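Undergrad: A single structure is presented below for examination.
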Amino acid sequence: MASTVIIGAGIVGLSTAYYLLKQQPGSSIHLVDSSPELFASASGYAGGFLIRSWFEGSPGVAALAALSFDEHKTLAERENGRDKWRYGSAVALEYGRTRRSGDGGKDWMRQGGSRAGLVRERRTAEGADVPAWLKRSDGDIIAVIDSGDGAAILDPLKLCHFLLEKCKGEGVQVHYPATVLSVGTDVRDELSYVRIGYTDSSTETEIPATRMLLSAGAWTPRVFASLFPSSSLDVPISSLAGHSLVIKKPGHDDDGDDESETEIKNHMVFSSLPDSSISPEFCSRPGGVVYFAGVNSAAIPLPQIATDAATDAATDADSLRLLDSAARAVVELDEGTTDLDVVRQGVCFRPVTPEGTPYIDRLADEQLGSGIRTRPGAGGGVFLAAGHGPWGISQGLGTGLVVAELMAGKETSVDISGLGLPQETLMPHGGDVFSMPAP
């Protein structure tokens, strides 16, 4: 029987463990994460936008996005996601005075453009489409780019905690804060175990592992290089830091449920403001909060572990002031109020690739370096699932499903053959594979 170790307990790692439960006992699945606090980066601080069909330029991603969107909806219906992780359909809007083109998500990440440029069709927004707290001005443009059939919203942190408890309840073993120190082989030189160290106690132990998944987000290249030092493979995933603010929704009554009157009460707004150097994007969630993001930088170094970023978020005053200013430009504050009611602020690190698409693949034994092989077929393998950029939550469930199928040697639910690592990544570690300028 295969024993699976998943390195990285974010949305992708958790989703894979969840779907693996259909083919192997929970006790044979291990999640390993280096952070003393789980979901301290993108999986906990993301906006939670779910989009089904904005990826026409990339067939592999388009199919994955549609699959994942449907899996999100099915899971929410089966497990009461509306209450447990605040899942709900959403109206997606484009707001501003100018429109900027997008190119599959790269423009948004590199140039500070709006993800609304991915969408070709739009209609003029009517009164019921527009949130009451959105500040209007003469000459602005507001259009509906999804009426709610292909757009949804959720609280990523709550979803991750739900998946975590679901997996633990089925016997999945979770190790944190812990790091994988090395991989080990059996008498046939096939991967058979990993050695991990618990960083809060200096204790080390060996875990059976015939299969391994690298799903550590922006940290994935570091993990691979440390475990397979003789490999000539360089995983071209870079880090893009993004700040966020969560504020109390203006006009929200803490004692009432203002989300229950209509089927759709959530909004995702992608803006282009002429007097701003950024294109803020924000969403309202059930529970009376609005999430703001759009201040991104490739210049902020990736910390050693996710929780180390808390200090950066507190001291990066310029970025937070810029985001605060953008929020004030689009939010109609309650009468007599001059300040935003900030619930939470933070910074997370998104894993981005040169192509703007994720890598989902089983690595060939030759890519692992000398002295290491894996069992053939469903019994073994080293797998990679990372690089989703700003779409990790949206595409997380679908990714977990296809990785579980890939591990089992089954035909995947969608064709992911175009999402493997590019051939030119075979180079010495430290090569200048990808350098993205700060927007």
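Undergrad: Got a sec? Which of 31, 38, 64, 21 is open to solvent by less than 50 Å² (accessible area, probe 1.4 Å), at pLDDT 95 or above and farther than 24 Å from residue 174 by Cβ?
TA: Of 31, 38, 64, 21, the one residue that is open to solvent by less than 50 Å² (accessible area, probe 1.4 Å), at pLDDT 95 or above and farther than 24 Å from residue 174 by Cβ is 64.
Undergrad: Let me ask you something else. Checking residue 57 against (1) at positive phi; (2) open to solvent by 10 Å² or more (accessible area, probe 1.4 Å), which single condition isn't satisfied?
TA: Every condition holds for residue 57 apart from (1).
Undergrad: Can I ask one more? Identify the single condition in (1) closer than 23 Å to residue 1 by Cα; (2) surrounded by fewer than 18 Cβ atoms within 10 Å (Cβ to Cβ); (3) touching a strand residue (DSSP E or B) at 6+ places or on another chain (Cβ under 8 Å) that residue 377 does not satisfy, given that it satisfies every other one.
TA: Only one criterion in (1) closer than 23 Å to residue 1 by Cα; (2) surrounded by fewer than 18 Cβ atoms within 10 Å (Cβ to Cβ); (3) touching a strand residue (DSSP E or B) at 6+ places or on another chain (Cβ under 8 Å) is unmet by residue 377, namely (3).
Undergrad: Scan segment 316-326 and tell me whether some residue there is modelled with pLDDT under 75, open to solvent by 10 Å² or more (accessible area, probe 1.4 Å) and under 30 Å from residue 178 (Cα atoms).
TA: Scanning segment 316-326 turns up at least one residue that is modelled with pLDDT under 75, open to solvent by 10 Å² or more (accessible area, probe 1.4 Å) and under 30 Å from residue 178 (Cα atoms).
Undergrad: If residue 43 satisfies every condition in (1) under 24 Å from residue 410 (Cα atoms); (2) at pLDDT 95 or above but one, which is the exception?
TA: All conditions are met except number (1).
Undergrad: If you don't mind, another one. Could you go through segment 304-313 and let me know if any residue there is surrounded by 21 or more Cβ atoms within 10 Å (Cβ to Cβ) and either of a type outside the set (Phe, Trp, Tyr) or at pLDDT 85 or above (or both).
TA: Yes: segment 304-313 contains one or more residues that are surrounded by 21 or more Cβ atoms within 10 Å (Cβ to Cβ) and either of a type outside the set (Phe, Trp, Tyr) or at pLDDT 85 or above (or both).
Undergrad: Answer yes or no: is there a residue in segment 386-406 that is assigned to a strand (DSSP E or B), open to solvent by 10 Å² or more (accessible area, probe 1.4 Å) and not aliphatic (A, V, I, L, M).
TA: Checking segment 386-406: not a single residue is assigned to a strand (DSSP E or B), open to solvent by 10 Å² or more (accessible area, probe 1.4 Å) and not aliphatic (A, V, I, L, M).
Undergrad: Something else now. Mind listing whichever residues of segment 25-83 are β-branched (Val, Ile, Thr) and either in contact (Cβ under 8 Å) with a residue 24 or more places away in the chain or more than 25 Å from residue 405 (Cα to Cα) (or both)?
TA: Selection gives 29, 32, 51, 61.
Undergrad: Would you confirm whether or not segment 342-355 contains a residue that is closer than 23 Å to residue 50 by Cβ, modelled with pLDDT of 80 or more, open to solvent by 10 Å² or more (accessible area, probe 1.4 Å) and part of a loop (DSSP other than H, G, I, E, B)?
TA: yes
Undergrad: Could you list all residues from segment 162-214 that are in a loop (DSSP other than H, G, I, E, B), out of contact with any helix residue (DSSP H, G or I) (no Cβ under 8 Å at 6 or more places or on another chain), open to solvent by less than 30 Å² (accessible area, probe 1.4 Å) and of a type in the set (A, V, I, L, M, F, W, C)?
TA: Across segment 162-214, the qualifying residue is only 209.
Undergrad: Residues that are small (Gly, Ala, Ser), open to solvent by 30 Å² or more (accessible area, probe 1.4 Å) and touching a Ser or Thr at 6+ places or on another chain (Cβ under 9 Å): does segment 2-12 have at least one?
TA: No; the residues of segment 2-12 include none that is small (Gly, Ala, Ser), open to solvent by 30 Å² or more (accessible area, probe 1.4 Å) and touching a Ser or Thr at 6+ places or on another chain (Cβ under 9 Å).
The values are calculated or read from the model by the stated rules, or taken from the named source; none is laboratory data. None of the values given here were measured: they were computed from a predicted structure. Glycine also receives a Cβ, built like all others from the backbone with ideal geometry; neighbour counts cover every protein chain displayed. Remember, those area values only see protein heavy atoms, side chains included, never the ligands or the DNA or RNA. Shrake-Rupley method; radii C 1.70, N 1.55, O 1.52, S 1.80 Å.
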